[in-house]
Amino acid sequence: MKPAYSLAAILLTISIFPLQAAGHPIQASGPEYDPVFYEISLANPERHLFHVLMKIPNVTGELTVQMPAWNALYQIRDFSSHVQHVDAYVGTAKAPIEKIDKQRWKIRGTGTVRLDYSTYWDEPGPFATQLNVEHAFINPAMVLMYEPGHTDRKALLAITDLPDNWRAASAVPSDCGPVSEKPSCRFSRSSYDELADSPIEVGKFTDLQVASAGAPIRAVVHSEKVDKKRLGDELRRICSYELKLMEGAPFENYTFLVHLGKAAGTSGGGGMEHANSTAIAVQSEGEFLNVAAHEFFHLWNVKRIHPATLDPVDYAKEQYTRALWFAEGVTSTYAAYTLVRTGLWSKGIFYADLGGQISELEARPANTWQSAEQSSLDAWLEKYPLYNRPTNSISYYTKGQVLGVLLDILIRDRTDDEHSLDDVVRLMNEEFGKPNKGYRDSLDVRLAAEKVAGGSFEDFFQRYVASAERLPYQHILGLAGLELKTVERRRPSLGFSLGRDAAGALVVRSVDPDSQAAQVGLRSGDAILTWNRGEPPRDLEEWLNAQKKGNTLHLGIRREEQGLSLDIKIGEALESSYVIAENAGAGEKARRIREGLLRGTTQPVTAFVQ
């Protein structure tokens, strides 16, 4: 263990944003508000072990500390399972410590209590934590304990024992330099909650400054190769548009923490929003666009405009909400809007993306009975392979994105294109985001839409958000001069679906019971180790489209720590998909609404010029 020393003398206070602006009361002075100190040592990157020191001042006889059970994903993941060898001290003397359940420890002592422990992490971000010889990515809630009931207490953090030439980056600048002859970077947060919401990248990275509407935005990229000019330009266009849409920046500084290409490990294709930053892991710059646009819009939708059912954060157990279709799905609507409205996507790509979302939704039998609200409520079941089968669930991302477009068209149609969904999200930002007030799940979304449109949306929300009636695609898309066409084709079929678990491993999500894959014994939950005796293809759809019925796929799998080999014959399936096309015979109003969707504009009929 490292010798104890006072962190108070070496930590520099750097505020993320004023406490009042963040919705927190100004803390009073007094011993009970003295900061909690953390130190994370990176002395053993090759062993993937974070060594953690936690110092809690002013303990009077007894103290309980706890590891969060969840963070970043709506999944109970029990981060305490990563923890090793917990010791407690008061001064130089060991203090009595007892583990009372899977998450909590009780320590007896008076004065300043010091905890020492290690935690093992080697899972790539953005939903996990990793320490290896190349870098460290830290989601603090996965590494740092807290005192239940006192997460509003100020938290100070030092990261020490950095390897040569490593730097640290987070939502705000760090103060880095040698401390007690050890390389160190120091951070301050106004509470554990803010610390938990501030992931940190440590290592050798490319640093991009994104100048956008006067708001300092930074991109930190962990990758072997980065096209700085292209990436910087794309981010600038995304951020500038969304800042203009939402009428200003709700932050003092913002940071993109990006793991690109091989640096993303096998978990590419994901992003995680935070109050003043995002963590993104993708395989290619092409994937980066949609994820970046989605995560940046979360600055407003989720991080400021948030359901009351998710407030305050409870790290110990599930928090249920019916509003993820709006919080996540409509954020996807705005990611697509941002890309087409900035010219990063053509309108053809936008139509193809929307058609793909509808195709995905309609291909899942669960769409006939699971509503957008129920899908939101059941998010905590997503870690179970059975739940992810098409017969068992739909995605609130997918349905929410489609609902967002349909609701936008209806608002534009009812107001003669004078108002849009843009006005709804701006109104919700004024009523809920800026005052840091949680909204009442779908109810306040509906009321905001009604206020903007000047009429009732109760029927729409009851039938298509709270219930699972088939969405009226043709009718509503027609109001925007668009048509939905069905395309049927026979194509190669695996007979099973794949996904990534929280650690980024490729796993079987579901198996068609009538497929050859089921006949040879493939099961949900099997981890894919090899694919035709090599690595699984990065683009599975491209690989599958190149196959023929009857080809053999050799799979190496792991099941309950046992390695197995399976040979599966490629099958064939009749697939229905949906494509969106412009209706050449659409009327003037419908064409204007269509252009409004694509350009992000509104215009009353009297102002329209053919």
Checklist entry - Taking the stretch 85-112, which residues are surrounded by 17 or more Cβ atoms within 10 Å (Cβ to Cβ), in a strand (DSSP E or B) and either not polar (S, T, N, Q) or not assigned by TED's automatic domain parsing to the domain that holds MET142 (or both)? => result VAL86, ALA88, TYR89, VAL90, ILE97, TRP105, ILE107, GLY109
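Kindly indicate whether LEU344 is in a helix (DSSP H, G or I), surrounded by fewer than 22 Cβ atoms within 10 Å (Cβ to Cβ) and among the hydrophobic types (A, V, I, L, M, F, W, C).
On the way: in a helix (DSSP H, G or I): no; surrounded by fewer than 22 Cβ atoms within 10 Å (Cβ to Cβ): yes; among the hydrophobic types (A, V, I, L, M, F, W, C): yes.
Answer is no for this residue.
Which of the residues belonging to the stretch 530-542 are surrounded by 13 or more Cβ atoms within 10 Å (Cβ to Cβ) and not β-branched (Val, Ile, Thr)?
Looking only at the stretch 530-542, we keep the residues that are surrounded by 13 or more Cβ atoms within 10 Å (Cβ to Cβ), and these are 530-532, 536-537, 540.
Residues satisfying the conditions are TRP531, ASN532, PRO536, PRO537, LEU540.
The rows are residues; the columns are (1) crowded, with 17+ Cβ neighbours inside 10 Å; (2) under 24 Å from LEU403 (Cβ atoms); (3) in contact with a His (Cβ under 8 Å, 6 or more places away or on another chain).
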position	(1), (2), (3)
GLY455	no, yes, no
ARG490	no, no, no
PHE496	yes, no, no
SER515	yes, no, no
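Specify the residue that is farthest from THR368 (Cα to Cα); the eligible residues are those in the stretch 459-476 that are in a loop (DSSP other than H, G, I, E, B) and of a type outside the set (D, E, K, R). Can you show your working first?
First, pick out the residues of the stretch 459-476 that are in a loop (DSSP other than H, G, I, E, B): 467-472.
In the following step, the residues that additionally are of a type outside the set (D, E, K, R) were identified as 467-468, 471-472.
Details: SER467: 9, ALA468: 6, LEU471: 10, PRO472: 13 Å.
Per the stated criteria, the residue is PRO472.
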Checklist entry - Does the stretch 477-506 hold any residues that are modelled with pLDDT of 85 or more and part of a loop (DSSP other than H, G, I, E, B), and which are they? => result LEU479, ALA480, GLY481, LEU494, GLY495
Item to check | Subset tally (residues that are of a type in the set (Ser, Thr, Tyr), under 29 Å from the mean Cα position of the chain (by Cα) and farther than 30 Å from GLN130 by Cβ) for the stretch 455-507 | outcome: 3
Item to check | Spans of strands (runs of 3 or more DSSP E) in the stretch 508-610 with at least 2 residues free of Cβ contacts under 8 Å to residues at least 40 places away in the same chain and within 33 Å of the chain's Cα centre (by Cα) | outcome: 527-531, 552-559, 562-569
Item to check | Within the stretch 543-580, tally of residues that are farther than 26 Å from LYS485 by Cβ, surrounded by 15 or more Cβ atoms within 10 Å (Cβ to Cβ) and among the β-branched types (Val, Ile, Thr) | outcome: 3
Checklist entry - Would a scan of the stretch 214-232 turn up a residue that is more than 22 Å from the chain's Cα centre (by Cα) and either in the same structural domain as ASN436 (by TED's automatic domain parsing) or among the aliphatic types (A, V, I, L, M) (or both)? => result yes
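Quick check, is ALA607 at pLDDT below 95, surrounded by 13 or more Cβ atoms within 10 Å (Cβ to Cβ) and not acidic (Asp, Glu)? Don't jump to the end; show me each part of the working.
Details: at pLDDT below 95: yes; surrounded by 13 or more Cβ atoms within 10 Å (Cβ to Cβ): no; not acidic (Asp, Glu): yes.
The answer is no for ALA607.
Output the number of residues of the stretch 93-111 satisfying the condition of being farther than 30 Å from GLY265 by Cβ and in contact (Cβ under 8 Å) with a residue 40 or more places away in the chain. Give the derivation first.
Within the stretch 93-111, the first condition is being farther than 30 Å from GLY265 by Cβ, and the residues that meet it are 93-101, 104-111.
Applying the additional criterion that residues be in contact (Cβ under 8 Å) with a residue 40 or more places away in the chain yields 104-111.
Qualifying residue count for the region: 8.
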Item to check | Cβ pairs under 6 Å, 6+ apart, first in the stretch 112-138 and farther than 25 Å from SER277 by Cβ, second assigned to a strand (DSSP E or B) and among the acidic types (Asp, Glu) | outcome: ASP116/ASP87
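Condition first: closer than 20 Å to LYS106 by Cα, within 26 Å of the chain's Cα centre (by Cα) and in contact (Cβ under 8 Å) with a residue 24 or more places away in the chain. Now tell me which residues in the stretch 53-84 satisfy that. Lay out the reasoning, then the answer.
In the first step, residues of the stretch 53-84 are kept if they are closer than 20 Å to LYS106 by Cα; the result is 53-69, 78-84.
If we keep only those that are within 26 Å of the chain's Cα centre (by Cα) too, we end up with 66-69, 78-83.
Answer for the stretch 53-84, where residues must be closer than 20 Å to LYS106 by Cα, within 26 Å of the chain's Cα centre (by Cα) and in contact (Cβ under 8 Å) with a residue 24 or more places away in the chain: GLN66, MET67, PRO68, ALA69, ASP78, PHE79, HIS82, VAL83.
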Checklist entry - (1) over 21 Å from GLN547 (Cα atoms); (2) touching a residue at least 40 places away in the same chain (Cβ under 8 Å); (3) of a type outside the set (D, E, K, R): which one isn't true of GLN474, the others all being true? => result (2)
Checklist entry - ALA449 fails exactly one of the following numbered conditions: (1) farther than 21 Å from ALA586 by Cβ; (2) at pLDDT 95 or above; (3) touching a Pro at 6+ places or on another chain (Cβ under 8 Å). What is the number of that condition? => result (3)
Checklist entry - Out of all the residues in the stretch 48-72, which are modelled with pLDDT of 95 or more and not in a strand (DSSP E or B)? => result HIS48, MET67, PRO68, ALA69, TRP70, ASN71
Checklist entry - Looking at LEU115, LEU144, which is the one that is surrounded by 16 or more Cβ atoms within 10 Å (Cβ to Cβ), in a strand (DSSP E or B), modelled with pLDDT of 95 or more and not assigned by TED's automatic domain parsing to the domain that holds LYS383? => result LEU115
Checklist entry - LYS317 passes all but one of (1) of a type in the set (D, E, K, R); (2) modelled with pLDDT of 95 or more; (3) within 29 Å of HIS222 (Cβ to Cβ); which number fails? => result (3)
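The values are calculated or read from the model by the stated rules, or taken from the named source; none is laboratory data. Treat the numbers as computed from the prediction; the structure is a model and nothing was measured. We place every Cβ from the backbone using ideal geometry, glycine too, and count neighbours over all the protein chains shown.
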